[in-house]
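Data block below; observations after.
The values are calculated or read from the model by the stated rules, or taken from the named source; none is laboratory data. Just so it is clear, the model here is predicted, and its values are computed rather than measured. Here Cβ is always computed from backbone atoms with ideal geometry, including for glycine, and neighbour counts include all displayed protein chains.
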Amino acid sequence: MKPMIFCVFLAAMVVGHHAIAQSGKDFKGLIDNLPKSKIGDWVIGGNIVAVTAKTRFDEGNGPTVVGTCVSVDYEGSQVKVIATEKASKCLPE
C-alpha cells in the first residue's frame, strides 16, 4: 500500500510542477481533457489550464475536443484565448 501512495504522490508532484512551470506562458499542445461546459480546468499537453468565462475560443481549425492541437494565449495569469491549430503545430520539433 505504501509504494502505491508514494507513486500517486510523486505523480502529483510531477504534474503540479509541470503545470506551474507553464502558468502565464503561451504554449501549444494537445487537449488531454476538458470539462463539458468548457469553463473550468483543462489539461493541455499535460498542463492544467484554468479556463474562465472571459476566455475566448477560436475554433477556425476545428472544434475544441480531446486530441485537438490548440494554442493557449495568456494575458498576465489569465487564459485569454484558446485557438485550434493544425495538428502539425503540435508535433515535436
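Taking the range 60-75, which residues are charged (D, E, K, R) and either more than 17 Å from residue 27 (Cα to Cα) or in contact (Cβ under 8 Å) with a residue 12 or more places away in the chain (or both)?
73
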Practice problem: Could you tell me which residue of the range 4-55 is modelled with the lowest pLDDT, considering only residues that are within 18 Å of residue 72 (Cβ to Cβ) and basic (Lys, Arg)? | Solution: 25
